[in-house]
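The values are calculated or read from the model by the stated rules, or taken from the named source; none is laboratory data. Please read these numbers as outputs of a predicted model, since none were measured by experiment. Counting neighbours? That spans all protein chains shown, and the Cβs are built from the backbone with ideal geometry, glycine included. What goes into the accessible areas is simple: the full protein's heavy atoms, side chains included, and nothing from ligands, DNA or RNA. Shrake-Rupley method; radii C 1.70, N 1.55, O 1.52, S 1.80 Å.
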Amino acid sequence: DAGVTQSPTHLIKTRGQQVTLRCSPKSGHDTVSWYQQALGQGPQFIFQYYEEEERQRGNFPDRFSGHQFPNYSSELNVNALLLGDSALYLCASRGTGFTYGYTFGSGTRLTVV
Amino acid sequence: ILNVEQSPQSLHVQEGDSTNFTCSFPSSNFYALHWYRWETAKSPEALFVMTLNGDEKKKGRISATLNTKEGYSYLYIKGSQPEDSATYLCAFGSSNTGKLIFGQGTTLQVKP
């Protein structure tokens, strides 16, 4: 059973560009959360999607947006990239009934130059 | 602002040593406390999810305790092995909506 799959694994973009990161949740999971991990810090919550809607959002600007598809997969979009957006972006999924545990992907490493 | 603090930031031990880390979190609006192990180049792996004050959980040589009234959790590793080398993250949940607030992690290196 595949866990959470993220693509691409690595990405280099130029300041001002836009980027789309993708996440396929674990089979049977319908809720997807995105986290940003900057160097030396713990993961920071960006937002969470359930039933194709953004349900909760962290302290990130509107440049960060997302989407969830009917098959529960999700995208994270970042517009007008800044150097400070360079980080590891993690996707995590869980099922309904809230079993409390999350399954994480191995992340997408984004470098903005 | 909700803050989750972990200590120490890093730890170097010899194989066979027992060790423990601390996670401090807000004592109000507690819902759940998660522990994850994160090995380099892999995904964070859930170790424990703890919800009740006084909870104690164990998985092999790793165990955890929870004190929600004073806002701390301890993770213990008995007889550390080189394969235990990883970053250990704790995360605080204040509701069942799913947002987790992570600490910065404790990086453990076990020398053979």
Practice item. Check off (1) within 12 Å of chain A (Cβ to nearest Cβ); (2) modelled with pLDDT under 95 for residue B:106 and give me the number that stays unchecked. Key: (2)
Check your understanding: Looking at region A:34-64, which of the residues that are part of a strand (DSSP E or B) and in contact with a Leu (Cβ under 8 Å, 6 or more places away or on another chain) is nearest to the other protein chains (Cβ to nearest Cβ)?
Key -> A:45
Revision key, fill the gap. Counting only strands (runs of 3 or more DSSP E) entirely within region B:53-112, those with at least 1 residues that are touching a residue at least 60 places away in the same chain (Cβ under 8 Å) and surrounded by 21 or more Cβ atoms within 10 Å (Cβ to Cβ) are B:86-93, B:100-102, B:106-111
**Study point:** Sole residue being surrounded by fewer than 17 Cβ atoms within 10 Å (Cβ to Cβ) and either within 13 Å of another protein chain (Cβ to nearest Cβ) or touching a strand residue (DSSP E or B) at 6+ places or on another chain (Cβ under 7 Å) (or both), chosen from B:3, B:29
**Key:** B:3
Review point. How many of the residues making up region B:36-50 are part of a strand (DSSP E or B), among the basic types (Lys, Arg) and within 8 Å of chain A (Cβ to nearest Cβ)?
Key: 0
Review point. Yes or no: residue A:20 out of contact with any Pro (no Cβ under 6 Å at 6 or more places or on another chain) and crowded, with 19+ Cβ neighbours inside 10 Å?
Key: no
Practice item. Looking only at region A:73-85, decide whether some residue is within 22 Å of residue B:32 (Cα to Cα), among the acidic types (Asp, Glu) and either in contact with a Pro (Cβ under 9 Å, 6 or more places away or on another chain) or open to solvent by 10 Å² or more (accessible area, probe 1.4 Å) (or both). Key: no
Check your understanding: Is it true that residue A:110 is more than 20 Å from residue B:46 (Cβ to Cβ), part of a strand (DSSP E or B) and in contact with a helix residue (DSSP H, G or I) (Cβ under 7 Å, 6 or more places away or on another chain)?
Key -> yes
Check your understanding: When only residues in region A:23-44 that are open to solvent by 10 Å² or more (accessible area, probe 1.4 Å) and either touching a His at 6+ places or on another chain (Cβ under 6 Å) or hydroxyl-bearing (Ser, Thr, Tyr) (or both) count, which is farthest from residue A:86 (Cα to Cα)?
Key -> A:27
